[in-house]
Amino acid sequence: MMKKMMIIRGLAFLMAFAVISVALPPVSARAELIDTSNNEIVISKTIPKGKTGKRMTVSFILQNNTEEDWQDVEVNIYNSSSYIASPGAEGEYIFPFEVTAGTFEPKHVGTVKKHSSRSVSLPAMVRADLPEGYYSVEIEVSSRDNKATTTEYVNLWITKPTGDEDDEEEDDKEVGFVLGEGQATPRGNYPEAMNFTINMRNNGLSEARDVSVVMVLDKDSTVFPFDINEGNYDRNFEKIQPGEVVELPYSMGIRSEAYTGYYPIKFEIRYRETATGQIMKDEESFWVHVRNKEKEDTNGEFNENDRTKARIVVDSFETIPETIIAGEPFRLILRMKNASASIAASNILFTLESEKVENSSIFTTESGSSSVVVNSLGAGEVAELSVDMLSRAGIDQRSYALTIKETYDSPEFKNASESVTIDIPVRQIARLNTGTMEVMPDSVTVGSESNIMFPINNTGKVMLYNVMAAFEADSIQPTDTYVGNIKPGETGNVDVMLSAIAPTMDDGKIKVLITYEDESGEVQPAVEKELSLFVTEAMEEDPGLDIETGGMPEAPAEDNSFFGKYKVQIGAGGAAAVVLAAFLVIRRRKKKKAQQEEDDLGDEIS
């Protein structure tokens, strides 16, 4: 319904433009450049170029600098009646495009993640009556969740056709087709049937009618790897709207004599631009991969060093963000350079192959396709590839290899194969927790000590270096203790004595600060915990008064019994026995706790 309304609105503007064009003189004024430096969402790194009377592409970057993802984003050339009503006088706005049914058609971009960007291109037909100069067009951005709603300008540079060969080859047709946009390369294994679907999009400005898609067959298995078991591989459509995507389903048997490799399947697309127009033709290719037998070299005397081929290397690469956290998405930007001084490369297929751990790939592409095609790369030229990827969660913190396999043609060397490898570092977030904190005793007097014991568990995937535990409160002497390095999955134990220096004046909470260093030696922010310990004032002994006499109590009569003579020694021995018993109890509890932790660790490992 929305698409139909846009078509009706576009036709209405087209009729209005036609009426006004009769009454108004041709455009004679050149529009002024608009300052786009303050654009927040629609970012143009270069000014798109077009020629009068020709189709052009308005390219820009959609930037999301917010803290939230944008869902179901759409972009389009902003539709305003003032564009058509402008007489083109000096200083007034000039709309540079022909108004057709598809001029203001929205393009679905999908999800734009937070702190990321997407490249967007909008097709348009430049007005034939424009003088050379700079123009601007307003781009409208909207999303389903209304988190991205704005209009911002993009500047254009429009020139007259020069009549050169490049201009002669420009296609002025209103209809064009793209095959397999955003799809992964279909793969099949002999002798299984290969079932796949190709997406075809009308990327032109107008509706295509009586569309017929014909697969170009070939008897040569080195060119066409499929068995021809159907009499007709045509796919027909009555209409395909601008921007509409249709599916071309196929079920093919792989030839027994076909070799393993990539094959470009050619298609001839026939269509009409109007209901009674002449039949137009377009040719497109779509790559498939089959796996069967490896190709044998029957030319024993052949030496591939006798032929020259291009050398394609990684000029540089970067990731966005720069630090990759395991389990999180990132964008890989590869700059592939033809390092040859004079040899060009064409039909280049780059395939990304990730290092595997336990038969699982460390890196995967968000789109599912691991291949990128570049039509040509001249000597010394650099092509920039941008791939959205996802790193696997739960892996060790280290660098992992990503292999870029290259298949390309050179003038003297067809289907050359090379591979280059880059290392991409992946980081893990350090994690720790603490077990039960034992405080013995949990209430002491000033000048006394309390024993604190608890475990620190490394629950992450990285080593915790130089772990320290510090204790802070007004009632105790500030104390810190060194725990040491704790490996992933292991435990470090804290055993420290805290000295009471003042009575507790608050809720008795002792602050515990646990710090550690990363592999670079940088101290990480402290993990804060609490324990309870109450400190009270020491009580002084008072001999008291004699109740009967009201004076000081008399000294007790000398006791000549055995207990009387040796009560000091007996008392000292009893105190020593109590201390020894307490020490044995604490030691037994520590041994029991250590044994329990070893049993728990054994359970986790098993």
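The values are calculated or read from the model by the stated rules, or taken from the named source; none is laboratory data. Owing to the predicted nature of the structure, the values given are computational and were not obtained by experimental measurement. A quick note on method: Cβ atoms are made from the backbone with ideal geometry, for glycine too, and the neighbour counts reach across all protein chains shown.
Observations on the model:
- Put simply, of GLU318, GLU412, GLU358 the only residue that is surrounded by fewer than 13 Cβ atoms within 10 Å (Cβ to Cβ), modelled with pLDDT under 90 and closer than 27 Å to ASP518 by Cβ is GLU358.
- Among the residues of region 119-135, those that are surrounded by fewer than 18 Cβ atoms within 10 Å (Cβ to Cβ) and not polar (S, T, N, Q) comprise ALA128, ASP129, PRO131, GLU132, GLY133, TYR134.
- Evaluating ALA184 against the criteria (1) touching a residue at least 12 places away in the same chain (Cβ under 8 Å); (2) assigned to a loop (DSSP other than H, G, I, E, B); (3) in contact with a Phe, Trp or Tyr (Cβ under 9 Å, 6 or more places away or on another chain) leaves one unmet condition, (3).
- Residue match in region 47-57 (condition: in a loop (DSSP other than H, G, I, E, B), of a type outside the set (Asp, Glu), in contact with an Asp or Glu (Cβ under 9 Å, 6 or more places away or on another chain) and at pLDDT below 85): no
- Scanning region 524-538 for residues that are touching a residue at least 24 places away in the same chain (Cβ under 8 Å), loosely packed, with under 14 Cβ neighbours inside 10 Å and assigned to a strand (DSSP E or B) yields a count of 1.
Results for (1) over 37 Å from the mean Cα position of the chain (by Cα); (2) of a type outside the set (S, T, N, Q); (3) in a strand (DSSP E or B), shown as yes or no for each residue.
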site	(1), (2), (3)
ASN232	yes, no, no
GLU238	yes, yes, yes
GLY243	no, yes, no
LEU248	no, yes, yes
SER256	yes, no, no
TYR263	no, yes, yes
PHE267	no, yes, yes
ARG270	yes, yes, yes
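- Members of region 331-345 found to be β-branched (Val, Ile, Thr) and either touching a Phe, Trp or Tyr at 6+ places or on another chain (Cβ under 7 Å) or assigned to a strand (DSSP E or B) (or both), listed by number: ILE333
- Summed over region 368-401, the residues that are touching a residue at least 60 places away in the same chain (Cβ under 8 Å) and either more than 16 Å from the chain's Cα centre (by Cα) or assigned by TED's automatic domain parsing to the domain that holds ARG187 (or both) give a count of 9.
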